[in-house]
Amino acid sequence: MTFTHSIHPFKSISPDLLPGIAKIHLEDAGLLSRLGYPFVLRYFENAIKDGQAFGFYARDDETGEIMGFSLASPEPSALTSKLTEDKAWFVKNIFKVVFTRPLAFLQMLVSSVTIRGQMYEPNTIECVYFTVDPKFRGRGLGRALQKSLMDEGRKRGYKKIYASVETWNTPSLKATQANGFRIIKTFREGIYRRHRLESEL
Ligand SMILES: CC(C)(COP(=O)(O)OP(=O)(O)OC[C@H]1O[C@@H](n2cnc3c(N)ncnc32)[C@H](O)[C@@H]1OP(=O)(O)O)[C@@H](O)C(=O)NCCC(=O)NCCS
């Protein structure tokens with residue numbers, strides 16, 4: 001099957017398309033997805049309003065369907081912290097996670113310590129997420145969405161981009177390495193074993 005698509009900056013996305021982004025993101029095996037849909041939706045609502053984060057989404061030109069997206073930030077932990085800004089919302093929703101997904105809650109504690117220990121150098125960005133709807137995978141879209149982050153990062157004057165990819169995630173590793181990233185270390189973060197990759201911009 002062939003498809004024609006176009007790639008657009010995240011900032012121009014209409015808020016009513018964010019639930020579609022959140023649903024695609026639930027296909028990611030990472031911690032945010034494990035916390036559940038309300039956290040994912042809130043995260044992307046915050047991301048499009050964030051002054052530093054930037055990203056792209058791909059849309060099928062014929063049907064208008066969202067096919068995938070990518071997101072980068074020079075300070076990803078600040079983006080995650082925004083989930084706690086509305087304290088009443090956070091407490092209510094994290095309480096549900098504690099009882100329904102206790103392992104995800106424990107992982108969140110481990111990850112928050114690991115992320116705090118990660119050094120963020122000036123002039124660098126993190127490829128925070130890139131995800132493609134399963135029905136559109138394997139045709140170069142993931143690679144193109146990540147490449148858009150690299151091109152935009154370069155335009156904004158950043159010098160380097162980092163990414164963390166789980167060691168089992170061959171599609172992500174292939175796309176990321178095809179974009180010029182190289183593995184600089186492998187580390188454990190709770191249940192996750194990840195490669196840390198970097199590329200010059
Ligand atoms: C990672 C992801 C975005 C890649 O999207 P995509 O559109 O399929 O990516 P691309 O087609 O550009 O590249 C994928 C590469 O992996 C290969 N691939 C796909 N599935 C594979 C598999 N099961 N085993 C081995 N290789 C595989 C593809 O052939 C392609 O390699 P090629 O360019 O050498 O042919 C997509 O798989 C995804 O959304 N995964 C879930 C979310 C996720 O893990 N995101 C990354 C978090 S770090």
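The values are calculated or read from the model by the stated rules, or taken from the named source; none is laboratory data. No experiment lies behind these values; they were computed from the predicted model shown. Counting neighbours? That spans all protein chains shown, and the Cβs are built from the backbone with ideal geometry, glycine included. Surface areas here come from the heavy atoms of the whole protein model, side chains and all, with no ligands, DNA or RNA. Shrake-Rupley method; radii C 1.70, N 1.55, O 1.52, S 1.80 Å.
Tabulated values for the structure
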| quantity | calculated |
| --- | --- |
| Test result for Tyr43, under 26 Å from Gln107 (Cβ atoms) and touching a residue at least 40 places away in the same chain (Cβ under 8 Å) | yes |
| Total residues in segment 24-53, condition among the acidic types (Asp, Glu) and more than 14 Å from the ligand (Cβ to nearest atom) | 2 |
| Pairs with Cβ under 6 Å, 6+ apart, first in segment 139-158 and under 11 Å from Ala175 (Cβ atoms) and among the hydrophobic types (A, V, I, L, M, F, W, C), second within 12 Å of the ligand (Cβ to nearest atom) and open to solvent by 20 Å² or more (accessible area, probe 1.4 Å) | Leu145/Phe130 |
| Listing of helices (runs of 4 or more DSSP H) fully contained in segment 71-157 that carry 3 or more residues being charged (D, E, K, R), at pLDDT 95 or above and farther than 18 Å from Phe56 by Cβ | none |
| Positions within segment 165-201 being of a type in the set (S, T, N, Q) and either at pLDDT below 95 or in a helix (DSSP H, G or I) (or both), in sequence order | Thr170, Ser172, Thr176, Gln177 |
| Residue under evaluation Ala163, criteria (1) of a type in the set (Gly, Ala, Ser); (2) open to solvent by less than 50 Å² (accessible area, probe 1.4 Å); (3) within 7 Å of the ligand (Cβ to nearest atom); (4) more than 15 Å from Pro76 (Cα to Cα), criterion not met | (4) |
| Residue within segment 131-143 that is surrounded by 19 or more Cβ atoms within 10 Å (Cβ to Cβ), among the aliphatic types (A, V, I, L, M) and more than 11 Å from the ligand (Cβ to nearest atom) present | no |
| Single residue of segment 32-47 satisfying the filter (buried (at least 20 other Cβ atoms within 10 Å of the Cβ) and not aromatic (Phe, Trp, Tyr)) that is nearest to Trp168 (Cα to Cα) | Leu32 |
